[in-house]
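Colleague: Pasting a structure here, questions to come.
The values are calculated or read from the model by the stated rules, or taken from the named source; none is laboratory data. No experiment lies behind these values; they were computed from the predicted model shown. We place every Cβ from the backbone using ideal geometry, glycine too, and count neighbours over all the protein chains shown. Just the protein is used for accessible areas: all its heavy atoms, side chains included, with ligands, DNA and RNA removed. Shrake-Rupley method; radii C 1.70, N 1.55, O 1.52, S 1.80 Å.
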Amino acid sequence: MKKILLSLTLACFGIAFNSSAQVVISQDFESGFAPWTVATTGGGGGWALTTNARPTQLGVIPAHTKYAVVDESILGSSAHNNPTYLTSPTFSLAGVTSPYLVFDWSYFQAWISAAPGTHERAYIEMSTDGGSSFSLVDSIVYSTGTPWNTRFISLAAYSSATCVLRFAYTDQGAHIIGIALDNIMVYGATAAD
């Protein structure tokens, strides 16, 4: 009986140990932006930190743990975050099995119906040359469902590379709504994930 209990205990420990992800980089904004950086062109307010609910023209971004937000609804008609970037420090995916990006987001992906039909855009980019140039990883799109959503994106195309990750938002010269992000993590997924 003792051998069976010991075997079960070791098996459970092995399962728990094997299912833990290898975290490469993470950002929950609880202590601020650092070591991530923010940069904005076009005169907008860029990224800010808050825990409060944010009313927008299309709905409310609910209160959350501290999160990063581009909130065009409070900036007036001169928002023009075209674009604004939230950029990670450099990190390495060398030796990381099945690298993934996961993050929480709230985004309405609105547009202005009047000509020329400007729409806001949010996207994720990656650099493998220290931030000199970036390539598109994926776009962030509106998701029906809860106001806060979680997204997983494979970074297998960047395996073994030294990378810089950035999130970008643009209102493309208009005053639209914005985006909220939280709990960003790059990690090595296990089979259990």
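Colleague: Determine which member of the set Ala180, Ala122 is part of a strand (DSSP E or B), surrounded by 15 or more Cβ atoms within 10 Å (Cβ to Cβ) and either modelled with pLDDT of 95 or more or touching a Lys or Arg at 6+ places or on another chain (Cβ under 8 Å) (or both). Quick ask: steps written out before the conclusion?
Modeller: Numbers: Ala122 fails: either modelled with pLDDT of 95 or more or touching a Lys or Arg at 6+ places or on another chain (Cβ under 8 Å) (or both).
Matching residue, one of Ala180, Ala122: Ala180.
Colleague: Right, another one. Consider Ile61 carefully, then state whether it is open to solvent by 60 Å² or more (accessible area, probe 1.4 Å), among the β-branched types (Val, Ile, Thr) and at pLDDT below 90.
Modeller: Working: open to solvent by 60 Å² or more (accessible area, probe 1.4 Å): no; among the β-branched types (Val, Ile, Thr): yes; at pLDDT below 90: yes.
So Ile61 does not fit the description; no.
Colleague: Name the single residue, out of those in the range 79-111 being hydrophobic (A, V, I, L, M, F, W, C) and outside any strand (DSSP E or B), that is surrounded by the most Cβ atoms within 10 Å (Cβ to Cβ). Full working, then the answer.
Modeller: So the first thing to find is which residues in the range 79-111 are hydrophobic (A, V, I, L, M, F, W, C), and the list is 79, 86, 91, 93-94, 96, 101-103, 105, 108, 110-111.
Next cut, outside any strand (DSSP E or B) only: 79, 93-94, 96, 108, 110.
Numbers: Ala79: 25, Leu93: 21, Ala94: 10, Val96: 23, Phe108: 18, Ala110: 19.
Among them, the one singled out is Ala79.
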